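S.K.: The following block contains the structure, expressed as structure tokens.
What follows draws every value from the coordinates through simple rules; no lab data is involved. Since the model is a prediction, treat every value here as computed from it, not as a measurement. Positions of Cβ are backbone-derived with ideal geometry, glycine not excepted, and every protein chain shown enters the neighbour counts.
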Amino acid sequence: ATQEKEEAPHAVGRRVVLFPLPFQGHLSPMLQLAELLRARGLPVTVLHTDFNAPDPTRHPELAFVPIHEALPTSATSPDADIVAQLLALNSGCEAPFREALASLLRREDVACAVVDGQWYAALGAASALGVPVLALRTDSAATFGSLLAFPRLRDAGYVPIKEERRDELVPELEPLRVRDLIRIDGSDVDALCGFISRVADAARASASGVVLNSFDAIEAPELARIEKELSCPAFAVGPLHRMCPGPAPAEHGLHAPDRGCLAWLDAHPARSVLYVSLGSVARVDRGVFEEMAWGLAGSGVPFLWVVRPGSVRGGGADEPPNGLDEEARSRGKVVAWAPQLEVLAHEAVGAFWTHCGWNSTLESVCAGVPMLAQPCFADQTVNARYVTHRWGVGLEVGDVIDRVRVAERVRMVMLGEEGDRAREKVRDLKLQADQCVAASLAVDNLVRYVLSL
Ligand code: UDP
């Protein structure tokens, strides 16, 4: 990643085969990478599941081939346990992926495959077919590093997380505390550890390299640690949504955005609106949802709130939150899905109340928007810790979501000195991201590496 910039490589001929994991936060970065490689002259084929299939018409220059998997409902149901879902996807897609790749190999000169890092089965399958394979991590380098360390952390007694150790710093992963380590509520700890081991083992055994949606200016030590641990190169080609020359990143979406909220934003002064979204997967209990509503109502701040259908456990996402009385209702706008990049780029937006999914975190950083962090599960706790304690670009909502605290935190990030400090720091990071996008050194290095395989 530190190589001097030479003439940008421009390849012709050798094909790269991509295989995204079929979820919003994974599809977008993979398709952005696809467009990036194609723009450098590499022909790209995207193998994909029928489940949550991407729309080929949005990417006319990429080839799309469905693998036609047969999956149990445990792999596709929105109520499925996430770990069980990932295990079922891996086992159900392994053979169809292998067949689709083998069939392509008979017709094409394939330089390498790039598969989502969660596809441990596909990593092994590609490697067994003799195809060099890279793992795309759509999470942060800090998260991936913590996954690689998981077996050691388990042996040292940090996981499963014990109440009395929650606030201890994890020695090799500072600033992470025990409580910030990846967790999936409701999932069996053994199943989670088993899944993480498979992912880490596949990366170690089969990957010729790792591609990350991150950049040196925010995670240089974490990236170096990964290279050391895996003894293979790590290409930090992010922020991918900014690097990508193809269709607007919003076009990768599985849901149609409600664009009416942009006109609503137009009618607001600069930095006056709080944007609220917990991403494409996270769900909250009805009680938390109500406290969020009451807290927003009590804050006095105008807000644009994404309430995804099905995102409130126990139902009611489609009903107006009870906390929104007439006054709050006229101050807020609730949509089912927003054109997030355009919203974050809008000058009316003053802060982002986010679950700290990695894409949302990067998008907020790149837009120079400070965050209010409400991590829900998986890597979100890791990202939230970096947002609040490593980069200082946001504040925590806190462990317990109650209306008084919410109102106080919302005012703090929108109107307080804490918010101003975070805004200053996030603008600084945004500038560093801009420089990284302008240089695009890591992408050039990745293309050279692909052509050398
Ligand atoms: N997103 C969007 N509109 C919304 C909510 C989310 O376009 O109303 C996009 C957002 O820009 C991001 C992705 O969905 O690219 C969510 O990915 P992230 O990694 O933040 O979270 P996940 O959904 O995987 O938990």
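S.K.: Seen from all sides and averaged, what is the projected area of the convex hull of the Cα atoms in segment 313-435, in nm²?
M.R.: Hull-based average projected area comes out at 8.3 nm².
S.K.: Can you tell me how much longer the chain between Thr57 and Leu453 gets when fully stretched, taken as 0.36 nm per residue apart minus their C-alpha distance, in nm with one decimal?
M.R.: 139.5 nm
S.K.: HN-Hα J couplings of segment 349-356 from phi, Karplus 6.51/-1.76/1.60, θ = phi - 60°, integer Hz, Gly and Pro as x?
M.R.: 7, x, 6, 10, 7, 10, 7, 6
S.K.: Based solely on C-alpha atoms, express the radius of gyration and the Dmax of segment 411-453 in angstrom.
M.R.: 17.5, 53
S.K.: Once amide H atoms are placed 1.01 Å from N in the peptide plane, what residues at a sequence separation of 5 or more from Cys112, or on another chain, have their amide H within under 5 Å of its amide H?
M.R.: So Cys112 has HN proximity to Val17.
S.K.: Between the alpha-carbon centers of segment 161-179 and segment 375-436, tell me the distance in whole angstrom.
M.R.: That distance is 20 Å.
S.K.: Still on this structure, please answer the following. Helix-derived [θ] at 222 nm for the chain: sum -39500 (n - 2.57) over DSSP H runs of at least 4, divide by residue count, nearest 500?
M.R.: -13500 deg cm²/dmol
S.K.: Roughly how many nanometres apart are two label points built 7 Å out from the Cα toward the Cβ at Leu129 and Ser91?
M.R.: 2.2
S.K.: Please give the contour-minus-distance gain from Asp285 to Thr73: 0.36 nm per residue of separation, less the Cα-Cα distance, rounded to one decimal in nm.
M.R.: 74.0 nm
S.K.: Each label point is 7 Å from the Cα along the Cα-to-Cβ direction; what then is the distance between the points at Arg259 and Arg14, in nm?
M.R.: Going by the 7 Å Cα→Cβ label model, 4.1 nm.
S.K.: Now a separate question. Do any trypsin sites (Lys or Arg not before Pro) in segment 131-216 lie in a DSSP loop with no more than 16 other beta carbon atoms within 10 Å, and if so, which?
M.R.: Qualifying residues, ordered by number: Lys162, Arg166.
S.K.: What FRET efficiency comes out for the pair Arg329/Asp402, r = Cβ-Cβ distance, R0 = 30 Å, nearest 0.05?
M.R.: 0.90
S.K.: In nm, to one decimal, how far is the modelled label at Glu319 from the one at Arg154, with both set 7 Å along Cα→Cβ?
M.R.: 4.2
S.K.: Shifting gears a bit: Please give the Cα centre distance for segment 77-146 versus segment 276-341, rounded to the nearest Å.
M.R.: 35
S.K.: I've got another one for you. Among all helices in the chain defined by DSSP H, which have a length of 27 Å or more along the axis from Cα atoms plus a Kyte-Doolittle mean of at least -0.5?
M.R.: Within the chain the helices that satisfy the rule are 82-107.
S.K.: Pull up all non-local amide H partners of Arg313: gap of 5 or more, or a different chain, and H-to-H distance under 5 Å with H placed in the peptide plane.
M.R.: Under 5 Å from the amide H of Arg313 lie the amide H atoms of Val284, Asp285, Arg286, each far enough along the sequence or on another chain.
S.K.: Taking the highest mean first, how do the peptides 373-379, 341-347 order by number of other beta carbon atoms within 10 angstrom per residue?
M.R.: In decreasing order of mean packing, 373-379, 341-347 become 373-379, 341-347.
S.K.: May I pose another question? Short version: what are the Cα gyration tensor semi-axes of the chain, square root of 5 times each eigenvalue, largest first, in whole Å?
M.R.: Whole-Å semi-axes of the equivalent ellipsoid: 35, 24, 23.
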